[in-house]
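One structure is given here, and the rest of the page talks about it.
Laboratory data are not the source of any read-out in this text; all were calculated from the coordinates shown. Here the structure is a predicted model, which is why all the values come from computation and not from measurement. Don't worry about glycine lacking a Cβ; one is built from the backbone with ideal geometry, like all the others, and counts go over all protein chains shown.
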Amino acid sequence: MKLLIVGGGGREHAIAWKLAQSPKAEKIYCAPGNAGIAEIAECVDIGVMEFDRLVAFAKEHAIDLTVVAPDDPLAAGAVDAFEAAGLRAFGPRKNAAILEGSKAFSKDLMKKYGIPTAAYETFDSAEAALVYLETAPMPIVLKADGLALGKGVLICNTLEEAKAGVKTLMLDKQFGAAGNRIVIEEFLTGREVSVLSFVDGKTIRIMTSAQDHKRAKDGDQGLNTGGMGTFSPSPFYTEEVDAFCREHIYQPTVDAMRAEGREFRGVIFFGLILTKDGPRVLEYNARFGDPETQVVLPRMKNDLVDVFEACIDGTLDQIELEFEDNAAVCVVLASGGYPEHYEKGFRISGLEKFRGADGYYVFHAGSKFDADGNIVTNGGRVLGVTATGPDLKTARANAYAATEWVTFQNQYMRHDIGKAIDEA
Ligand code: AMP
Ligand code: GLY
């Protein structure tokens with residue numbers, strides 16, 4: 001089969017690496033890809049939002065299956081565009097990708113179908129939001145309705161902060177139209193867990209759990225980022241938690257989407273928080289998580305082509321997912337200054353050390369070739385250094401050891417990825 005992956009980050013590198021292991025994968029293309037992905041796939045210089053060009057490329061190269069990985073093209077209807085041209089594509093259609101694309105939609109869905117989540121109100125005007133805040137308990141959480149690169153969530157400790165947050169989102173429009181509408185919700189406390197799943201419209205298959213580290217700095221300080229590191233499995237995701245989520249969250253979400261006429265095929269990412277009153281959904285994503293994918297896929301035994309096809313064909317009930325009985329940790333090497341201002345274009349050295357190193361992976365998030373063919377930094381998150389091990393502590397030690405194999409100027413990482421493991 002000829003496969004096309006749409007996207008160009010660490011998640012797409014992990015997907016490409018996993019697909020390449022399938023005996024069915026003859027040729028893999030990636031648009032736009034990056035310098036790491038180029039080792040396993042032919043990178044094509046087409047942007048993820050250029051649907052006409054992507055579809056034309058897929059037709060011209062007789063692509064059998066396209067995987068749309070990032071949130072923006074999914075929310076804008078990339079899968080619909082491929083399907084309209086008679087092509088097979090993995091991912092939710094636009095009417096289902098709204099599960100991530102609109103927080104107001106997902107909160108209303110959860111309320112309507114009794115799926116446990118934080119209490120909330122939705123606001124279309126800053127005036128009404130400000131009036132509501134006057135009597136609301138603090139801390140409180142403000143969320144831009146639309147997609148905001150994972151950064152449209154503000155946790156406010158005081159009324160002043162919350163008022164300033166409404167101004168940032170709704171009046172200053174820091175996240176553009178994503179902030180025309182906001183959700184204001186109850187602040188919950190507990191451990192966070194990311195659970196990814198495959199869905200074929202009616203059946204859901206749960207992958208192994210993971211935990212992200214969203215803040216830029218050690219000790220969960222600093223700004224929210226796309227994610228600075230992950231580990232899998234989460235020791236806090238117990239059998240009891242899993243049983244609760246299967247009954248009250250996972251299948252009910254799939255059934256709710258079907259009942260709404262928005263059949264979901266693709267990956268649903270459940271962002272969960274384990275409160276003292278039980279698990280609650282913090283958010284849904286309609287795609288693989290990044291960097292969760294870098295620790296989940298290396299542990300998965302199944303042929304990913306088979307799973308993608310089953311999701312499209314509605315035959316996921318015939319597949320059981322299998323994961324290695326091990327652990328994985330991913331440490332993101334970022335450009336100093338991320339998620340704010342940072343420089344790029346620095347040469348990356350040491351990448352060859354990962355070649356042939358069993359259980360060690362370097363997934364590229366932001367890299368490219370310079371004019372001389374050297375691999376240079378090309379983003380805020382640059383590399384995801386991942387290692388497996390028989391248990392979480394060994395995997396963590398392995399991952400941190402491997403971070404020393406690569407160097408580039410202005411390299412920055414968190415030193416406490418997986419610290420929670422010690423508290424388990
Ligand atoms: P989201 O993009 O919705 O996952 O939110 C980003 C981060 O904000 C989450 O990973 C949580 O750490 C935090 N967060 C979101 N909603 C809440 C909430 N209701 N209570 C506490 N923290 C939250
Ligand atoms: N790591 C969180 C996300 O992919 O949104």
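A few notes on this one:
- The local environment of residue 231, defined by Cβ-Cβ distances under 13 Å, has a net charge of -1 under the rule Lys, Arg +1 and Asp, Glu -1.
- DSSP beta bridges in the chain [antiparallel fraction, %, rounded to 5]: 80
- Calculated FRET value between residue 317 and residue 111, using beta carbons and R₀ = 35 Å, to 0.05: 0.75
- Unit charges on C-beta of K, R, D, E only; dipole of the chain, Debye: 380
- Cα lying deepest toward the dipole's positive end in the chain, options 188, 35, 136, charges on Cβ: 35
- Relative contact order, percent, the chain [alpha-carbon distance under 8 Å, six or more residues apart]: 16
- Neighbour-limited loop hits for GluC sites (Glu not before Pro), the stretch 1-100 (at most 13 other Cβ within 10 Å; DSSP other than H, G, I, E, B): 26
- Zone residues, the stretch 58-81, relative to residue 42, backbone N less than 12 Å from point 7 Å out along Cα-to-Cβ: 58, 60-63
- FRET efficiency, 1/(1 + (r/R0)^6) with R0 60 Å, evaluated for residue 357 and residue 131 via beta carbons: 0.55
- Gyration tensor (alpha-carbon) shape descriptor, the stretch 128-236, a/c threshold 1.5: prolate
- Within the shell defined by Cβ-Cβ distances under 12 Å, the residues around residue 278 carry a net charge of -1, with Lys and Arg each +1 and Asp and Glu each -1.
- Cα gyration tensor category, rounded, prolate or oblate, for the stretch 294-344 with a/c compared to 1.5: oblate
- Global geometry of the chain, whether rounded, prolate or oblate, following the gyration tensor of its Cα atoms and the 1.5 cut on a/c: rounded
- A Cβ-based charge dipole, computed about the Cα centre of the stretch 1-152 with Lys and Arg at +1 and Asp and Glu at -1, lands at about 500 debye.
- Ranking of 57, 264 by count of other Cβ atoms within 10 Å, fewest first: 57, 264
- Placing unit charges on the Cβ atoms only, positive for Lys and Arg and negative for Asp and Glu, gives the stretch 1-88 a dipole magnitude near 320 debye about its Cα centre.
- Fluctuation leader among 206, 155, 98 - the chain, Gaussian network, Cα springs under 10 angstrom: 155
- For the stretch 200-300, trypsin sites (Lys or Arg not before Pro) are listed when DSSP marks them as loop and at most 10 other Cβ atoms sit within 10 Å of their Cβ; the list is 276.
- Distance violations [Cα-Cα > 28 Å] among 94/217; 94/173; 18/393; 94/202: 94/217
- Coil-residue GluC sites (Glu not before Pro) of the stretch 277-386, DSSP, other Cβ within 10 Å capped at 11: 320, 322, 340, 343
- Relative contact order, percent, the stretch 263-409 [alpha-carbon distance under 8 Å, six or more residues apart]: 22
- Residue-averaged [θ]222 nm for the chain, counting only DSSP H segments that reach four residues, each worth -39500 (n - 2.57): -7000 deg cm²/dmol
- Other residues lying with their Cβ under 11 Å from the Cβ of residue 21 contribute a combined charge of +2, Lys and Arg counting +1, Asp and Glu -1.
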